[in-house]
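Remarks on the structure that follows.
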Amino acid sequence: MTANSNRGPAERPARVVTKTLKDGVRKTVLPNGLRIITESIPTTRSASLGIWVGIGSRDETPALHGASHFLEHLLFKGTPKRTALEISAAIEAVGGETNAFTTKEYTCYYARVLDADLPLAVDVLVDAVADSILDPADVETERGVILEEIAMHEDEPGDEVHDVFAEALYGNHPLGRLISGTPESIAPMTRNQIHGFYRRRYTPPQIVIAAAGNLDHATVVRLVRKALGGTPLDTAPAAPAETRASDKRVRIQKPRNVVLHRDTEQAHIVLGGPGLGRHDQRRFALGVLNNVLGGGMSSRLFQEIREKRGLAYSVYSYAGQYADSGLVGVYAGCAPAKAAEVLDLIRTELDRVAQHGITAEELARGKGMVKGSYVLGLEDTGSRMSRLAKSELLHGDLMGVDELLARVDAITVEEVDAVAAELLSGERSLAVVGPFDESELHP
């Protein structure tokens, strides 16, 4: 599957098209291709709104490395209708909250308010995302803020090691680069470059507006269309949406040992390798495997490394998934003197699961964890809103709650064992941040 196989322009009907999806979710596609998807939850008194743009750091050229994150900062700095202070004050005055985040494949701008204040949230958030000025003075101010943010990230080795691991796997491919950019890419980036990226990439077919809470779908559609009026997103883009800067086959690097020397009190370690893309049907079995391996206090890694031996406070496994690639890693934070022992234990457990699989008891427990985390994660309007947007933007389809639970229930030991044998065998890449030289630890 290619990098943008599910990322091309959405359908652009000649008129507004609305349909009902699973679980009572409703979706409208505007003539310009912008999608609006909502879930009504009458028992709540709040509403969450998100504007999700299918553009992230992997869509950037080297010269624009960090532009998506730069925009995340800039779009709240002012529009022809509101100053930066008026944007934040409008939401805070009604007790609401607003924020944004950038990933490698999408950017989200969101707000959570009382249900009665949803019209205000729509007007403010759509205005900010659709019609930001990007004043040159604000660009310079936020440049300094972002450079400080990058420096702060380097002071968090437990976070930094995951970036080192991604770079070890993907090398110079955009999936291996920092989302924030680097000082070398952020410092010379001009306002015109950022503005050009904004207008080329933030087009209606790349945008999903999702809302969940005590709301009416038709009303939300009307509010969005009103807020879009007169903005650059009010009409269809003149040219087809651009493909990704990284629209080429993702190549995983040969196993690498990357040690970033830091004078830290702890060693931060990630050991792992390639995983599964998010469209791979085996991702459900991988979710179960991840929980068995290192997804909780009953997991193998937690029991072996922390509970039995007390070698680390934090140890867990994780799986990251992209449109056309993925990764699987095990993290541990421990005293530098214990790093080699912890690494040996991680390797031993990975080999054991790869060769011998999991037990029926572990399968049942892993399934329960997957189902519980999914359902319990839908207890607030913000998570419901995120579910809608990710389903539409990343998968192109909404899987119903019952459908997903049934899919997890159907997973067999054999399916999990097959995934474990494929992903946990062979050579692995190692990322370490701590007081080491590169020759001291080996994958």
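Figures for the structure shown
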{"quantity": "Residue pairs meeting the criteria (Cβ under 6 Å; at least 6 apart or on separate chains; first at positive phi, in the stretch 208-224; second surrounded by fewer than 24 Cβ atoms within 10 Å (Cβ to Cβ))", "calculated": "Gly213/Ile41; Gly213/Thr44; Gly213/Ser46; Gly213/Asp115"}
{"quantity": "Pairs with Cβ under 7 Å, 6+ apart, first in the stretch 369-389 and surrounded by 13 or more Cβ atoms within 10 Å (Cβ to Cβ), second basic (Lys, Arg)", "calculated": "Leu378/Arg384; Leu378/Arg387; Thr381/Arg112; Gly382/Arg112"}
{"quantity": "From the options Ala332, Ala406, Ala339, Ala389, residue that is of a type outside the set (Asp, Glu), in a helix (DSSP H, G or I), farther than 30 Å from Gly54 by Cβ and not assigned by TED's automatic domain parsing to the domain that holds Thr103", "calculated": "Ala339"}
{"quantity": "Failed condition for Gly158, given (1) farther than 19 Å from Leu75 by Cα; (2) touching a His at 6+ places or on another chain (Cβ under 6 Å); (3) part of a loop (DSSP other than H, G, I, E, B)", "calculated": "(3)"}
{"quantity": "Hits in the stretch 231-287 - residues which are at pLDDT 90 or above, of a type in the set (D, E, K, R) and within 23 Å of Asp59 (Cα to Cα)", "calculated": "Arg278, Asp280"}
{"quantity": "Neighbours by Cβ (under 8 Å, 6+ apart or cross-chain): first from the stretch 353-368, loosely packed, with under 12 Cβ neighbours inside 10 Å; second assigned to a helix (DSSP H, G or I)", "calculated": "Thr359/Val413; Ala360/Val413"}
{"quantity": "Filter result for the condition that a residue is touching a residue at least 40 places away in the same chain (Cβ under 8 Å), more than 30 Å from Lys27 (Cα to Cα) and under 22 Å from the mean Cα position of the chain (by Cα), over Ala431, Ala420", "calculated": "Ala431"}
{"quantity": "Condition broken by Leu423, with the remaining ones in (1) surrounded by 13 or more Cβ atoms within 10 Å (Cβ to Cβ); (2) farther than 20 Å from Gly275 by Cα satisfied", "calculated": "(2)"}
{"quantity": "Residues of the stretch 199-219 classified as of a type in the set (Val, Ile, Thr) and either within 16 Å of Leu120 (Cα to Cα) or part of a loop (DSSP other than H, G, I, E, B) (or both), total", "calculated": "3"}
{"quantity": "Which listed residue, of Thr219, Thr182, Thr190, is surrounded by fewer than 22 Cβ atoms within 10 Å (Cβ to Cβ), closer than 25 Å to Ala267 by Cα and hydroxyl-bearing (Ser, Thr, Tyr)", "calculated": "Thr182"}
{"quantity": "Test result for Ile133, among the β-branched types (Val, Ile, Thr) and either in contact with a Ser or Thr (Cβ under 6 Å, 6 or more places away or on another chain) or assigned to a loop (DSSP other than H, G, I, E, B) (or both)", "calculated": "yes"}
{"quantity": "Residues that are under 11 Å from Val208 (Cβ atoms), of a type in the set (D, E, K, R) and surrounded by fewer than 20 Cβ atoms within 10 Å (Cβ to Cβ), drawn from the stretch 390-400", "calculated": "Lys390"}
{"quantity": "Condition met for Ala166 (in contact with a Ser or Thr (Cβ under 9 Å, 6 or more places away or on another chain) and closer than 30 Å to Arg384 by Cα)", "calculated": "no"}
{"quantity": "Within the stretch 83-103, tally of residues that are free of Cβ contacts under 8 Å to residues at least 60 places away in the same chain, surrounded by 20 or more Cβ atoms within 10 Å (Cβ to Cβ) and part of a strand (DSSP E or B)", "calculated": "2"}
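One line per residue, one yes/no per condition, for (1) surrounded by fewer than 18 Cβ atoms within 10 Å (Cβ to Cβ); (2) free of Cβ contacts under 8 Å to residues at least 12 places away in the same chain; (3) more than 25 Å from the chain's Cα centre (by Cα):
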position: Lys81; (1), (2), (3): yes, no, yes
position: Glu105; (1), (2), (3): no, no, no
position: Ala128; (1), (2), (3): no, no, no
position: Ala137; (1), (2), (3): yes, yes, yes
position: Val145; (1), (2), (3): yes, no, no
position: Glu167; (1), (2), (3): no, no, no
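The values are calculated or read from the model by the stated rules, or taken from the named source; none is laboratory data. Being a predicted model, the structure only gives us computed values, none of them experimental. Glycine also receives a Cβ, built like all others from the backbone with ideal geometry; neighbour counts cover every protein chain displayed.
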